[in-house]
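See structure below.
The values are calculated or read from the model by the stated rules, or taken from the named source; none is laboratory data. A quick note: this is a predicted structure, and the numbers were derived from the prediction, not measured. Methodologically, a virtual Cβ is constructed for each residue, glycine included, from the backbone with ideal geometry; neighbour enumeration extends over all protein chains shown. Ligands, DNA and RNA are stripped out before the accessible areas are found, and what is left, the full protein with its side chains, is counted by its heavy atoms. Shrake-Rupley method; radii C 1.70, N 1.55, O 1.52, S 1.80 Å.
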Amino acid sequence: MELAAKYNAAEVEDKWYAYWLDHKFFHSEPNEKEPYTIVIPPPNVTGILHMGHVLNNTLNDVLIRNARMHGKNACWVPGTDHASIATESKVVAKLKAMGISKEEIGREEFLKHAWEWKEEHGGIILQQLRKLGCSCDWDRTRFTMEPALSEAVINTFVYFYRKGWIYKGVRMVNWDPEALTAVSDDEVVHKDTKSHFYHLRYFISDGQGNPTDKFLVIATTRPETIMADAAICVNPNDERHHWLRGKKVLIPLINREIPVIEDDYVEMDFGTGCLKVTPAHDVHDYEIGLRHNLPVLEIIDDHGKLNEKAQILVGEDRFVARKKIVKMLEEAGNLVKVEDYTSPVGYSERTDAVIEPKLSAQWFLKMDTLAKVALETVESGRTKFIPERYVNTYRHWMENAHDWCISRQLWWGQRIPAYYLPDGKFVVEATPEAALKAAQAICPDIKAEDLRQDEDVLDTWFSSWLWPISVFDPEMPGHPDHEPNKDLAYYYPTSDLVTGPDIIFFWVARMIMAGEEFMGREPFSNVYFTGIVRDKIGRKMSKTLGNSPNPLDLIETYGADAVRIGMLLCSSAGNDIFYDEAQIKQGAAFCNKIWNSYRLVKGFSVDDSIAQTPAAAAAIRWFDAKLSETVATVEDHYRKFRISDALMAIYKLFWDDYCAWYLEAIKPAFGQPVDRATYDATLGYFEALLKLIHPVMPFITEELWQNMEERQEGETIMYAAAPAVKPFANDVLVNFELAEEAVNGVRGIRNQKNIAPKETLDLKVKGGFPAEVIPVIEKMGNVKVATVDDFGSGQGVGFMVRTHEMFVALSGLVNVAEEIAKLEKDLAYQQKFLAGVRGKLANERFVAHAPAAVIENERKKEADSLSKIESLESQLNILRNSQ
RNA sequence: GAGGGCAUAGCUCAGUUGGUUUAGAGCGCUUGCUUGACAGGCAAGAGGUCACUGGUUCAAAUCCAGUUGUCCUCACCA
């Protein structure tokens with residue numbers, strides 16, 4: 001096959017991806033082989049690919065392809081997440097643009113729109129993953145809201161309800177006034193926000209609802225909530241306020257009378273020591289209210305606007321109301337002062353709206369047992385975290401886990417299977433039919449139309465926590481007695497999970513809980529936490545900053561292999577990634593290097609009749625060992641999830657060892673053919689290199705592998721066996737390194753003296769140097785080597801390769817005074833070094849305490865140093881005599 | 001406020017349980033090369049008081065304590 005002069009990534013990538021798909025190479029079925037399983041962290045169904053996905057899925061693909069080439073039955077299950085809040089708000093926005101509100105059209109109509117949206121946008125991100133080269137088993141693609149998986153979720157709800165771990169309760173929840181739903185504690189982001197501390201004067205009531213001239217001062221950041229005040233609270237130990245005992249005060253502007261109460265919760269030295277208690281609109285106030293039996297008066301509605309119970313400013317948004325009421329308070333003489341104040345305020349993770357604490361009826365799942373078990377899973381090491389330090393974070397959360405608020409006031413999601421009877425009682429059943437039956441057991445006359453299903457849906461994480469189970473066997477969850485089906489029995493537990501640390505609680509922890517609860521064991525053996533992708537100067541990638549490149553543009557420009565390399569190059573586990581396009585360029589350059597190294601070899605003409613050169617023989621002996629050594633290193637890196645180190649080891653093997661040394665050593669002179677043995681060995685090494693790098697660069701490796709010889713239809717590098725480690729002699733490596741250093745020495749001298757590489761030099765080497773690599777030195781250094789006992793008195797420059805002395809003969813080019821100065825400097829250093837080593841060896845305590853190997857090493861240093869000094873002195877003598 | 005991570009070359013990072021002289025790599029930088037696959041290349045080179053202070057040890061980038069800087073997680077005071 002002819003090979004293009006340049007690598008055309010776009011063409012090659014589409015061709016081979018289609019080929020892989022056609023042959024179903026990504027598809028896995030249970031068989032007798034050992035499984036290697038990954039479930040994808042399901043991206044939001046409406047999402048589009050960003051750099052974080054690129055990093056995550058490249059890592060996943062590297063692991064899965066590597067496992068496949070190591071003979072495992074590799075299965076990577078893809079899919080998407082219905083992402084209830086994110087998707088619902090997108091659909092709401094779309095409808096809004098069309099002038100439609102969701103309340104107007106109702107639940108069923110809205111869901112139709114949502115499904116339409118899903119059908120239209122849902123597949124995009126999965127298509128984009130194909131561009132990246134991801135070898136997902138697309139036949140197994142799942143969606144968290146597809147019927148089977150939804151059923152699993154509902155069954156799970158029923159299961160926990162029957163177990164008594166799900167309960168409905170009125171709680172203070174985090175209300176998102178924009179999305180109009182409660183969100184869990186974990187979905188609230190606290191941000192320091194500039195606001196004001198308003199000091200307000202509350203007058204003491206005379207008992208008839210009239211103000212006296214006495215007053216107290218409270219400090220608040222939320223003056224718009226004073227109409228909902230139920231009491232003023234002080235610390236019982238605060239003597240400054242004892243005079244207030246039993247008194248009542250009047251809420252400014254509306255003059256409603258409220259009591260002064262005492263509670264330890266109030267800090268004496270914060271603010272004025274007086275706290276206004278607003279049970280309906282603050283979590284702590286709610287608790288104080290419970291302790292003191294205070295009435296709860298809600299004055300803010302679901303949209304964050306004041307309602308009629310506020311009496312004033314009705315219908316105003318809470319923030320507008322704040323501004324207005326401050327003015328009113330000032331005019332009424334209740335405003336003492338305003339301070340600037342910065343305090344943490346909760347925002348909704350999804351909509352960025354300020355969270356409003358709100359009292360409402362929600363469903364909760366008890367966490368205590370689940371968390372305890374899941375903590376043990378990780379502490380025992382049955383699931384390992386990489387990097388390990390995330391175990392600390394995990395433990396902290398697990399030990400403080402609150403019950404999980406699982407209901408959401410949304411429509412896009414699995415609807416809670418609770419059915420209310422007209423009298424307010426409810427039953428929990430998986431289907432309306434079962435619910436009717438259950439209801440009739442309570443109240444025999446009841447009919448289907450009398451039952452009303454709960455309006456709320458379940459938190460998205462309540463479906464994704466089943467992911468490693470439900471993708472294989474959707475019937476499994478909720479039926480603990482159910483025998484796992486064939487797939488689940490084979491693929492569960494999965495092997496590795498690659499995800500970001502930001503969802504360690506949302507998702508990872510909860511999958512472990514579900515895994516332990518339903519399967520009795522961990523859902524995965526290893527969790528690899530990636531870092532967050534940041535830009536070059538460390539900022540998070542974001543749409544608003546515009547610092548996030550479109551991965552598809554990058555793939556188009558540089559090729560998917562280059563993008564994959566670029567992301568992997570500087571991605572050690574758990575460290576944030578500083579994205580820089582230069583890394584992708586480096587990846588593209590590497591593709592180019594691989595391509596051209598193959599073009600060189602392909603261009604050789606082979607002559608079966610000629611013998612192998614000694615240089616080629618030495619190079620082959622060496623590269624054989626070097627390859628094995630590197631493969632061992634790479635495998636070790638993979639085992640430890642040091643993916644970027646594995647990549648770098650292969651990169652250097654390919655570029656430095658194979659291209660710069662091996663190919664140069666075996667390359668025939670221009671116009672000359674190469675012998676058969678060398679040619680075959682070279683192609684063999686090239687194929688091994690392709691296999692080694694294939695998990696990282698799937699496309700170019702397939703292209704070249706297919707080009708190397710006529711392959712059968714259905715053959716692929718994807719299933720080629722990874723190069724194995726063969727035993728090798730270490731001295732083969734050491735001897736070649738000596739040759740490299742000798743060549744480097746000669747090149748250094750050329751550079752220094754401005755001698756053209758073409759000019760052949762005479763190199764004298766003292767006896768004892770390994771003879772087998774001398775042809776390599778001659779070829780690579782363009783020198784004629786003579787092994788001698790003595791360098792004689794000719795002009796030239798000496799240097800040392802470890803303990804071996806070398807001498808390049810040069811006439812007329814040597815500045816004797818300069819050389820002498822250089823040698824003297826080296827000599828001085830060696831003498832100082834020797835003194836250091838001898839000092840150490842003279843130290844009795846060192847000799848007494850240090851292990852024998854360390855002392856032995858010091859003695860070797862001493863001997864080497866002595867020999868170097870001797871050599872330097874003899875060279876100096878020669879030079880001095882020549883003057 | 002509580003807990004945790006990190007601090008090594010201009011940048012991004014290794015440094016495998018303390019022991020090779022002068023602490024490594026990739027990129028970048030400097031210098032020189034139409035070296036017959038590749039200028040997306042080749043060759044040579046410069047560049048680091050291992051954040052600071054103290055301690056343990058025969059021996060510390062590595063272990064311990066403190067300081068400073070930085071990042072993250074959790075909680076949150078009205």
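Highest mean packing first, where packing is the average number of other Cβ atoms within 10 Å per residue, the peptides A:154-164, A:190-200 line up as A:154-164, A:190-200.
What separates the Cα centres of region A:363-441 and region A:171-192 is a distance of 18 Å. Coupling constants for region A:517-533 follow from the phi torsions by the Karplus curve (6.51 cos²θ - 1.76 cosθ + 1.60, θ = phi - 60°), and in residue order they are 5, 9, 10, x, 7, 4, x, 7, 7, 9, 10, 9, 8, 7, x, 8, 7 Hz; glycine and proline get x.
Would you please report the Å³ per residue occupied by the convex hull of the alpha carbon atoms in region A:501-630?
Cα convex hull per residue, to the nearest whole number: 207 Å³.
In region A:178-265, taking the dipole from charged Cβ atoms about the Cα centre, the farthest positive-side position among A:Ile251, A:Val188, A:Cys233 is held by A:Ile251. Under 20 Å from the Cα of A:Lys324, which aspartates and glutamates turn up, not counting those fewer than eight places away in the same chain? Qualifying aspartates and glutamates at Cα under 20 Å: A:Glu224, A:Asp229, A:Glu298, A:Asp301, A:Glu308, A:Glu316, A:Glu339, A:Asp340, A:Glu356.
What is the diffusion coefficient of region A:168-218 in µm²/s, taking the Kirkwood radius over Cα pairs and the Stokes-Einstein relation at 10 °C with a viscosity of 1.306 mPa s?
104
Put simply, the C-alpha atoms of region A:329-422 give a gyration tensor, and the ellipsoid matching it has half-axes of 38, 26, 13 Å, longest first.
Rg ratio for region A:150-197: its Cα radius of gyration over 2.2 N^0.38 Å, N being its residue count, equals 1.71. Gyration tensor over the Cα atoms of region A:267-314: the corresponding equivalent ellipsoid has semi-axes (square roots of 5 times the eigenvalues, largest first) of 23, 14, 9 Å.
Residues whose amide H comes within less than 5 Å of that of A:Phe215, counting only those at least five positions distant or on another chain, are A:Ile204 (H built at 1.01 Å from N in the peptide plane).
Starting from the Kirkwood Rh over alpha-carbon pairs, what translational D in µm² s⁻¹ does region A:21-103 have by Stokes-Einstein at 20 °C and 1.002 mPa s? Display every interim value, and only then the final one.
Working: Rh = 15.4 Å.
The diffusion coefficient I find is 139 µm²/s.
Put simply, when A:60-73, A:738-751, A:461-474, A:325-338 are sorted by average Cβ atoms within 10 angstrom per residue, most first, you get A:461-474, A:60-73, A:738-751, A:325-338.
If you average 1/r over all unlike Cα pairs in region A:487-532 and invert the result, what Kirkwood radius do you get in angstrom?
Here the Kirkwood hydrodynamic radius works out to 11.0 Å.
Average accessible surface for region A:615-668: 33 Å² per residue, computed with a 1.4 Å probe over protein heavy atoms with every protein chain in place. Going Cα to Cα from A:Lys168, which lysines come in below 18 Å? Please leave out same-chain ones fewer than 8 positions away. List returned: A:Lys358, A:Lys366, A:Lys425.
So for region A:687-774, Kirkwood radius off the Cα pairs, Stokes-Einstein at 25 °C and 0.890 mPa s: how many µm² s⁻¹?
Estimated via Stokes-Einstein, D reaches 143 µm²/s.
Looking at this model, which pairs from A:Lys593/A:Lys779; A:Lys191/A:Lys540; A:Lys96/A:Lys118; A:Lys90/A:Lys327; A:Lys15/A:Lys691; A:Lys15/A:Lys72 are more than 28 angstrom apart at the alpha-carbon? Going by Cα-Cα distance, A:Lys90/A:Lys327 fall outside the 28 Å limit. Looking at chain A, the DSSP beta bridges with both ends there are about 70 percent antiparallel. Exposure check, 1.4 Å probe, all protein chains in place: A:Phe623 carries approximately 0 Å² of accessible surface. Between A:Lys784 and A:Phe670, residue separation times 0.36 nm minus the direct Cα-Cα distance comes to 39.1 nm. Only helices enter the 222 nm calculation for chain A: every DSSP H run of n ≥ 4 contributes -39,500 (n - 2.57), and dividing by all residues gives -13500 deg cm²/dmol, rounded to 500. Solvent-accessible area of A:Lys324, all protein chains in place: 90 Å² (probe radius 1.4 Å, heavy atoms, ligands and nucleic acids excluded). Bridgeable lysines around A:Lys822 (alpha carbons under 27 Å apart, same-chain partners fewer than 8 residues away excluded): A:Lys753, A:Lys758, A:Lys764, A:Lys766, A:Lys784, A:Lys832, A:Lys860, A:Lys861, A:Lys868.
With Cα atoms as the point set, the radius of gyration and Dmax of chain A evaluate to 37.5, 122 Å. Simple rule: put +1 on each Lys or Arg Cβ and -1 on each Asp or Glu Cβ in chain A, find the dipole, and look at A:Trp461, A:Leu200, A:Trp705; the Cα lying farthest toward the positive end is A:Leu200. Taking the charge dipole of chain A about its Cα centre, with +1 at Lys and Arg Cβ atoms and -1 at Asp and Glu Cβ atoms, the residue from A:Asn526, A:Pro444, A:Pro770 reaching farthest to the positive side is A:Pro770. Ranked by solvent-accessible area (1.4 Å probe, protein heavy atoms only, all chains present), the residues A:Val266, A:Val373 order from largest to smallest as A:Val373, A:Val266. Take A:830-836, A:441-447 and order them by the average number of nearby Cβ atoms within 10 Å per residue, most first; the result is A:830-836, A:441-447.
Once you reduce region A:302-341 and region A:667-727 to the center of their Cα atoms, the two points are 75 Å from each other.
Expressed as a whole percent, the accessible surface of region A:306-346 that belongs to carbon and sulfur atoms is 51, based on a 1.4 Å probe.
Charges were assigned to the Cβ only: +1 to each Lys and Arg, -1 to each Asp and Glu. The resulting dipole of chain A about its Cα centre is roughly 1860 debye.
Within region A:723-823, the percentage of alpha carbon pairs spaced more than 19 angstrom apart rounds to 43%. Simple point charges give the picture: +1 on the Cβ of Lys and Arg, -1 on the Cβ of Asp and Glu, and for region A:687-806 a dipole about the Cα centre of about 600 debye. For the pair A:Asp269 and A:Arg802, label points projected 7 Å from Cα toward Cβ lie 6.9 nm apart.
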